[in-house]
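Read through the structure below, which is laid out as structure tokens, and then see the notes.
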Amino acid sequence: MTTERGWLTFDCYGTLVDWRTGMEDALARVDPARVADLLAGYHRAEPGLQQRRPLLSYREVLRDGLLASARELGVDVPDGLGTVLADTMPTWQPFAETAGVLRALRAAGWRLAILSNVDNDVIAQTLDLLGAPIDVVVTAEDVGSYKPDLGHFEEFRRRALPADGRWIHVACSWFHDVLPAGRAGVPSVFVDREREGRDPAQVVGVLPDLTGLPDTLASLDLPN
């Protein structure tokens, strides 16, 4: 019988799902010559939209972020493509290692949850792609705010009641996830897919992808 180890919460898009490829493929439909610029502009616009207008749905954030990026660059968005990010997001694919790692973690006794800055209908379709069951999902739509605010972490703690020392957050975004997890008192494993080179002393592990996550977690000295 497998001993239950505790809870792992995951950011979804960028950590479990290949957010960058999904974004780039969608933006190529807007202007294939300006994909990198449009993505960089979207990155600049999104945090401000989420902070200033936290009640926007994520579909609206995606739309408004794309349109702001296009305006900044002088790119004309073809008719019907202003919502291309939201329209395609439910089809974005998990990373190659995601399903196997999630299954291995469940077999090792971990319970799995997702804390995501998206709408419920989007994450519902993504869950079918992950290849392993997820026990709890907390979205921006549920809590009425976006990470790095602490609403996701507070709501998960209320729902799951994780035992002290038996909750670890796994994410690829230092800004949206690692820093707020620290403020919430939750240790993190940083999945440094973009090779940002953050301070490893601030987390319990740094990995280039999810492949080494089961071994990293197995090496931690968790309370009995």
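Things to note:
- Total residues in the stretch 11-49, condition open to solvent by less than 60 Å² (accessible area, probe 1.4 Å) and part of a loop (DSSP other than H, G, I, E, B): 8
- Only a single criterion out of (1) touching a helix residue (DSSP H, G or I) at 6+ places or on another chain (Cβ under 8 Å); (2) farther than 21 Å from GLY48 by Cα; (3) β-branched (Val, Ile, Thr) is not satisfied by THR98, namely (1).
- Residue in the stretch 185-203 that is more than 14 Å from the chain's Cα centre (by Cα), under 14 Å from LEU150 (Cβ atoms) and surrounded by fewer than 18 Cβ atoms within 10 Å (Cβ to Cβ) present: yes
- Flag for ASP87 being over 16 Å from TRP19 (Cβ atoms), surrounded by fewer than 19 Cβ atoms within 10 Å (Cβ to Cβ) and either of a type in the set (S, T, N, Q) or out of contact with any strand residue (DSSP E or B) (no Cβ under 9 Å at 6 or more places or on another chain) (or both): no
- The number of residues in the stretch 204-219 being over 20 Å from the mean Cα position of the chain (by Cα), farther than 19 Å from PHE95 by Cα and free of Cβ contacts under 8 Å to residues at least 24 places away in the same chain comes to 1.
- Close contacts from the stretch 148-166, counting a first residue that is of a type in the set (A, V, I, L, M, F, W, C) and a second that is part of a helix (DSSP H, G or I) and surrounded by 15 or more Cβ atoms within 10 Å (Cβ to Cβ), with Cβ to Cβ under 7 Å and a gap of 6+ residues or different chains, come to LEU150/PRO180; PHE153/PRO180; PHE153/ALA181.
- Residues located in the stretch 160-184, provided they are of a type outside the set (Asp, Glu), more than 23 Å from PRO47 (Cα to Cα) and surrounded by fewer than 12 Cβ atoms within 10 Å (Cβ to Cβ): LEU161
The values are calculated or read from the model by the stated rules, or taken from the named source; none is laboratory data. If you're wondering where the values come from, they're calculated on a predicted model, not measured in any experiment. Virtual Cβ from ideal backbone geometry, glycine too; neighbours counted across all protein chains shown. Surface accessibility is based on the protein's heavy atoms, side chains included, excluding ligands, DNA and RNA. Shrake-Rupley method; radii C 1.70, N 1.55, O 1.52, S 1.80 Å.
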